[in-house]
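Here is the structure we will look at, set down as structure tokens.
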Amino acid sequence: MQRIEINSLIDSLIISLLLFLITFSVSCNNFRETINSQKAGTVTTVIQKKNEVSLNQKRSIPTGLVGIYLSNEDGVYAVDIPYRKAIEIKTKVDEDFKSNYTKPGHRRWFFVEFDKDTMIFWVARYKPNPIKGKRSWGTYIAEGIYRVKRSEEAENELAIKERIQLYENGKHEIKAGMTESEVIKILGQPKEIRQLGPVGSFDFIYDQVTVRFLNYDVAEIWD
């Protein structure tokens, strides 16, 4: 009799253990599916964010052939202004530059960068290099940084539409911001390479087009 009771107890324990293992296995599968779903969602989110970044990539505009260094050493913050206010500031700064461009401390207007929504401009004051023979062109220290909402009217009024189009549309399949290798891949080896002086500044000369590089990236394209 006792043996029958012991066998019954063992059977009950075995059944309970089997039920536990089945429940545990189902729970693990559900947990694994949840984790995989979350991972898939995370990957999708990351891809979406990457696509958003690529669609809204910031474009930095070269400051010119000669060496110009822009510095925000005073920690100026960007402020949002309407484009008409930007035109007003630019007009005053351009007038000051025409009259005082040879003097230390003159002010200058710079179109620095843009993305699909905004354009960034600096007003900076010229600070000569105190060390002779070292970067004699000096540095421009930011006095104001202005963020302007993009629009066709703003681009036209601020005279930057053509420059922006070089980055967004380009010419002869070449866009501003491209590297040497990207240009060569499209147009082939240039007929001539003309060095312009500053490091990373040179022209690729083809029969139909000339491509100018500043800081090793395409900055100008003309027929």
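The values are calculated or read from the model by the stated rules, or taken from the named source; none is laboratory data. All of these numbers come straight from a predicted model, not from anything done at the bench. Ideal geometry is used to build each Cβ from the backbone, glycine not excepted, and the neighbour counts take in all protein chains shown.
Tell me, please, whether a residue that is exposed (fewer than 14 other Cβ atoms within 10 Å of the Cβ), under 21 Å from the mean Cα position of the chain (by Cα), modelled with pLDDT under 95 and closer than 27 Å to N215 by Cα can be found in segment 77-84. Yes, segment 77-84 has at least one match. Check whether at least one residue in segment 162-172 is modelled with pLDDT under 95, surrounded by 16 or more Cβ atoms within 10 Å (Cβ to Cβ) and within 21 Å of A78 (Cα to Cα), and report yes or no. Among the residues of segment 162-172, at least one is modelled with pLDDT under 95, surrounded by 16 or more Cβ atoms within 10 Å (Cβ to Cβ) and within 21 Å of A78 (Cα to Cα), which makes the answer yes. Filtering segment 184-219 to residues that are among the acidic types (D, E) and under 15 Å from H172 (Cβ atoms) leaves D203, D207. The single condition among (1) surrounded by 15 or more Cβ atoms within 10 Å (Cβ to Cβ); (2) within 22 Å of W109 (Cβ to Cβ) that I221 does not meet is (2).
Kindly indicate whether T118 is of a type in the set (S, T, N, Q), closer than 16 Å to Y69 by Cβ and either in contact with a strand residue (DSSP E or B) (Cβ under 6 Å, 6 or more places away or on another chain) or in contact (Cβ under 8 Å) with a residue 24 or more places away in the chain (or both). Against the criterion (of a type in the set (S, T, N, Q), closer than 16 Å to Y69 by Cβ and either in contact with a strand residue (DSSP E or B) (Cβ under 6 Å, 6 or more places away or on another chain) or in contact (Cβ under 8 Å) with a residue 24 or more places away in the chain (or both)), T118 does not qualify.
Considering only residues that are in contact (Cβ under 8 Å) with a residue 24 or more places away in the chain and closer than 16 Å to A124 by Cβ, which ones fall in segment 81-100? Matches in segment 81-100: A86, I89, K90, V93.
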